[in-house]
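Okay, so here's the structure we're looking at.
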Amino acid sequence: MVNKQYQKRIEHRKLNSFQEYKTSTLAWGASLLLFLVIFLSSIDIASGEINYLSMAVSAVFLASGIIQYLVTLKVKKEILKYDDIKRSTRIIGYFLIPFAVTGNFFMAIAGFTLIKKEKTIEYTLCIYSILTSFTIMLISALNLFKEYVSNTFMLGMGVLLGITLFYVFTMLMVSKYVNGKHVDKKLIPVAIPLILSIFIGNVFAFILGLIIISKVRHKDEEISIEWIDVLRRLFRNYMSVLGMFVVTLLISLSICSYLTFDYSIAIDNNYSAILLSPSLEYPFGTDNYGRCVFTRIVFGARISLVVGLISTLVPIVIGGILGAVSGYYGKRVDNIIMRLLDVLYAVPGMLLAIAIVAAFGANTMNLILALSIGSIPMYARTVRATVMSIANQEFVEAAKACGAKDFTIIFKHILPNSMAPIIVRATLGIGGAVLSTSSLSYLGLGVEPHIPEWGNILKIGSAYLETSPYLAIFPGLAIILIVLAFNYFGDGLRDALDPKLK
């Protein structure tokens, strides 16, 4: 019995050491789960009607899940038998990638991971860059089923297609010119457009560009580039990378929707299309004013992300400064600052936000202000604790001995070394801020009702739970998805930044 358990543990450890097996296992599990969800949603239990389009989509996911399961079994068998994956099995990865067209990016990730044996961080970033831009193209392409599209739709799709092809070209260049720790100088011209990808929200491409330039500049002395090691550890955690992918996808979609989506469809009333069920023209149905819920959720992501990001950034700056000053000077300064913040901390965050919005009115700026103030004590406490732990270290004493001023010591030497816990808390806090934004909007205290925001959309849907449940299900799923994505990303970042887990 002991030998069997020991053998099982050894096999489990061996399988988990292969990224191909982990991604493949998750891909078939996710495919079958999506099949189940879509299949159940295709049947209206009350009326007995069947949505044949959803049924067909669920069949595609079922087929892809079965195929991926068979591939996983083959991969598992070869790993346990040969401690490696055969070349013939890796070729199967090329046939998995096209499943991205069906929206199953889990299969595409498994395919990209399977085809290459030696996967560098640059190659992995290329995969997610391609998937991000390609998924936005797929989502935007659904607008073709509408009566009309925005004037800039074709321009936007052309730009997205060009960017996707550029990322594919970059992946080929990376496969050729990146060899282990060595990055060829020929990749420098490619790195510049990659960095510019930040303007369309593609964080993966942006990081890839920075890595290429950093490695070339440091002449492959990788040991001095600590942040690349952190990224490498982050990308070992598949769930955190998926969370990062979802966040990046939503940010990029929010930016690209300026070109590929028509805002009037999200806000203009259309009384000829009231409360329509999901279809190709209206993937998430229409609300009680005939507005496309799918388009409203896309534009609603913009408000939720902007409020979530800014309402997290503001308390980081204010709370960080207060915490750093408090922790560095200590004694009376610490006592005054922290006791004042204790008063603020004693007021429940949501109650404070409701009071501020009720007093100053419901709009986006007041919403950001309301959510920011309540979070200041939390970030101040985090920074204070970190600053107190490093304020007496040797490098700070050396700076004092050299005659550096307090301002320089705090902001140049102490705060940069205190950022790790702040970054982790911020990633987890953004999800909470998005949730608070939606909660306030649901209560009618967020942004104006006509502006698309996930809480607003959910509020309308809650009135039609019996007759049109999809009006509440889709915005609810969007909120859950983004909060989960930030939480998974934050957990992975915490592990990657933890020096004990290096």
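The values are calculated or read from the model by the stated rules, or taken from the named source; none is laboratory data. Nothing here was measured: the structure is a model prediction, and the numbers come from that model. Cβ coordinates were reconstructed from backbone atoms using ideal geometry, including for glycine residues, and neighbour counts include every protein chain displayed. Surface areas here come from the heavy atoms of the whole protein model, side chains and all, with no ligands, DNA or RNA. Shrake-Rupley method; radii C 1.70, N 1.55, O 1.52, S 1.80 Å.
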Given a Förster radius of 22 Å and the C-beta distance between residue 95 and residue 161 as r, what FRET efficiency does 1/(1 + (r/R0)^6) yield to the nearest 0.05? 0.45
Magnitude of the charge dipole, the chain, Cβ model with Lys/Arg +1 and Asp/Glu -1, debye to 20: 1940
In what sequence, largest accessible area first, do 4, 119 appear using a 1.4 Å probe? 4, 119
Residue-span extension gain [residue 217 to residue 405] - 0.36 nm each, minus C-alpha spacing: 64.5 nm
Karplus ³J(HN,Hα) for region 8-25 (6.51 cos²θ - 1.76 cosθ + 1.60, θ = phi - 60°; Hz, whole; x = Gly/Pro) runs 5, 5, 5, 5, 4, 5, 5, 5, 6, 6, 9, 4, 4, 5, 5, 5, 5, 4
Where the centroid of each part is defined by its Cα atoms, how far is region 366-415 from region 1-65 in Å? 46
Output wanted: per-residue J couplings in Hz (rounded whole) for region 233-247, from phi through Karplus 6.51 cos²θ - 1.76 cosθ + 1.60, θ = phi - 60°, x for Gly and Pro. 5, 4, 6, 6, 8, 5, 5, 5, 5, 5, x, 5, 5, 5, 5
Sorting 9, 381, 87 on solvent-accessible surface, 1.4 Å probe, most exposed first, gives 87, 9, 381
Karplus-derived HN-Hα couplings along region 268-277 (A = 6.51, B = -1.76, C = 1.60, θ = phi - 60°), whole Hz, x at Gly and Pro: 7, 6, 9, 6, 8, 9, 7, 6, 7, 6
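Given R₀ = 22 Å, what would the calculated FRET efficiency be for residue 393 paired with residue 340, taking r from the Cβ atoms and rounding to 0.05?
Efficiency, from the Cβ-Cβ distance: 0.20.
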Residue-averaged 222 nm ellipticity for the chain, from DSSP H runs of 4+ at -39500 (n - 2.57), nearest 500: -24000 deg cm²/dmol
Answer label, with Kirkwood radius over Cα pairs in Å calculated from the coordinates and candidates (i) 23.2; (ii) 25.2; (iii) 24.5: (ii)
Packing-wise, with mean Cβ within 10 Å as the measure, how do 482-490, 229-237 rank, highest first? 482-490, 229-237
Which is the longest run of the chain containing none of the GluC sites (Glu not before Pro) found in DSSP loop states (not H, G, I, E, B) with at most 15 other C-beta atoms within 10 Å? 222-465
Might you report the magnitude of the Cβ-based charge dipole of region 180-306 about its Cα centre, with Lys and Arg at +1 and Asp and Glu at -1, to the nearest 20 debye? 440
Distance between modelled label sites at residue 15 and residue 73, nm, 7 Å Cα→Cβ extension: 1.3
Highest mean first, what order results for 293-303, 96-106 on Cβ atoms within 10 Å? 293-303, 96-106
So, with points 7 Å from each Cα along the Cβ direction, the residue 412-residue 184 label distance in nm works out to 4.1
With DNA, RNA and ligands ignored, accessible area of residue 41 (1.4 Å probe; Å², nearest 10): 80
Heavy-atom accessible area with a 1.4 angstrom probe orders 178, 347, most exposed first, as 347, 178
In whole angstrom, the spacing between the Cα centers of region 204-282 and region 433-471 equals 24
Using the basic label-point model (7 angstrom from Cα toward the beta carbon), what is the residue 258 to residue 462 distance in nanometres? 3.3
